[in-house]
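Structure first, commentary second.
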Amino acid sequence: MNNIALGRYLPLNTIINKMDPRSKILILLVMMITVFLPAGFIGYVPILIFIATALYFSKLKLTYALRALKPMIWMFIFLLVINVLVMRTGTLLISWGWFKVYSDAFSQTAYIIIRLTLMIILCTVLTATTKPLDLTLGIEKLLKPFEKIGLPAHVIAMMISIALRFIPTLIDETNRIMNAQASRGVDLENGTMTEKIRAVLSLIVPLFVSAFDRADQLADAMEARGYDPSATRTRYKVLKMTNVDYFAMAFALVVFAADLVLCWI
């Protein structure tokens, strides 16, 4: 199995896979809002229960969902360093001349890391259990009422779907370019700052060239097939919600309400 989890669909025969994409998108939005409620660390407990339930019924392992966090480890370290240098509130933990470390630096970093982790896991469950075409259709259906005010629902849904589809492709391409550059003697980890910048440029430039080339190929393929975003189209697959969808949305609302209550405690 590929190491890239976010954006990759897994064709498993599970209850979550069979759910209506609209309900899964709405649940994701509710859970995203819940993640940012100021309920403290205790507020993450209901969210974790919801995620554990979703992982169980989708037959996804937690280790698979956490693979998407690997590229963000350096960002987490960077956030910790910045907070240690900037935060000046809380209990003083370390004092060494001008260098002082306060407890809020670690607590704020923990909040950010936990929130990002929860959001990435939720997004991974969505993309792993929903086909890209179904995701496009679900987003389009949810945005359909906004077409009355001029919002291009189909175009936005197609853009989001294509972006999600190419996340694992671009990450795979990045790994291939890194391996190719390493075989040519490019060191992305050691050396001076100037050498590191040159090494990063040797990675970014071919990645952008490859991304634009893939975009051109995709545009040519869509034009060759007569794709017209403004054309009136019918759907072979008609979305229909079931009791499972309503139960899952109710579960998400219960988690949201629980965190709201914790905000007032």
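Looking at Lys141, Lys148, which is the one that is of a type outside the set (A, V, I, L, M), open to solvent by 70 Å² or more (accessible area, probe 1.4 Å), out of contact with any Cys (no Cβ under 8 Å at 6 or more places or on another chain) and touching a residue at least 60 places away in the same chain (Cβ under 8 Å)?
After ruling out the rest, the residue left standing is Lys141.
With without any contact (Cβ under 8 Å) to a residue 24 or more places away in the chain, over 30 Å from Met72 (Cβ atoms) and more than 23 Å from the chain's Cα centre (by Cα) as the only criterion, which of Ala221, Ala153, Ala199 stands out?
Ala221
Search the stretch 91-118 for residues being of a type in the set (Phe, Trp, Tyr) and more than 25 Å from Ala39 (Cα to Cα), and hand back the single one that is surrounded by the most Cβ atoms within 10 Å (Cβ to Cβ).
Phe99
Would you check which residues across the stretch 127-167 are over 26 Å from Leu12 (Cβ atoms) and part of a helix (DSSP H, G or I) and list them?
Once the filter is applied, which keeps residues that are over 26 Å from Leu12 (Cβ atoms) and part of a helix (DSSP H, G or I), the stretch 127-167 yields Leu143, Lys144, Pro145, Phe146, Glu147, Lys148, Ile149, Ala153, His154, Val155, Ile156, Met159.
Tally up the residues in the stretch 195-227 that are within 29 Å of Ile171 (Cα to Cα) and not in a helix (DSSP H, G or I), please.
2
Restricting the search to the stretch 52-66, which residues are closer than 19 Å to Lys18 by Cβ and either assigned to a helix (DSSP H, G or I) or in contact with a Ser or Thr (Cβ under 7 Å, 6 or more places away or on another chain) (or both)?
Scanning the stretch 52-66 gives Thr53, Ala54, Leu55, Tyr56, Phe57, Ser58, Lys59.
Can you tell which of Asn17, Asn13 is surrounded by fewer than 17 Cβ atoms within 10 Å (Cβ to Cβ), among the polar types (S, T, N, Q) and closer than 28 Å to Ala157 by Cα?
Sole residue among the options that is surrounded by fewer than 17 Cβ atoms within 10 Å (Cβ to Cβ), among the polar types (S, T, N, Q) and closer than 28 Å to Ala157 by Cα: Asn13.
For the stretch 1-19, how many residues are among the hydrophobic types (A, V, I, L, M, F, W, C), modelled with pLDDT of 75 or more and either assigned to a loop (DSSP other than H, G, I, E, B) or under 14 Å from Thr124 (Cβ atoms) (or both)?
4
Between Ile49, Ile77, Ile73, Ile42, which is surrounded by fewer than 16 Cβ atoms within 10 Å (Cβ to Cβ), of a type in the set (A, V, I, L, M) and at pLDDT 95 or above?
Ile49
Could you list all residues from the stretch 20-39 that are more than 17 Å from the chain's Cα centre (by Cα) and either open to solvent by less than 20 Å² (accessible area, probe 1.4 Å) or at pLDDT below 90 (or both)?
Asp20, Ser23, Pro38, Ala39
Select from the stretch 228-265 the residues that are among the hydroxyl-bearing types (Ser, Thr, Tyr) and either surrounded by 10 or more Cβ atoms within 10 Å (Cβ to Cβ) or outside any loop (DSSP other than H, G, I, E, B) (or both) and list them in ascending order.
Listed by number, the residues that qualify are Thr242, Tyr246.
Check whether at least one residue in the stretch 90-98 is in a helix (DSSP H, G or I) and without any contact (Cβ under 8 Å) to a residue 24 or more places away in the chain, and report yes or no.
no
Return the pair list, or none, for Cβ contacts closer than 7 Å from residues in the stretch 14-25 that are over 15 Å from Leu143 (Cβ atoms) to residues that are open to solvent by 20 Å² or more (accessible area, probe 1.4 Å) and among the β-branched types (Val, Ile, Thr), at least 6 apart or on different chains.
Going by the 7 Å Cβ cut-off, the qualifying pairs are Ile15/Val244; Met19/Val244.
Just to verify a result, which residue in the stretch 168-194, among those that are part of a helix (DSSP H, G or I), open to solvent by 70 Å² or more (accessible area, probe 1.4 Å) and more than 18 Å from Trp74 (Cβ to Cβ), is modelled with the highest pLDDT?
Arg176
The values are calculated or read from the model by the stated rules, or taken from the named source; none is laboratory data. Since the model is a prediction, treat every value here as computed from it, not as a measurement. Please note: Cβ atoms are built from the backbone with ideal geometry, for glycine as well, and neighbour counts cover all protein chains shown. Note: areas computed on protein heavy atoms with side chains; ligands, DNA, RNA excluded. Shrake-Rupley method; radii C 1.70, N 1.55, O 1.52, S 1.80 Å.
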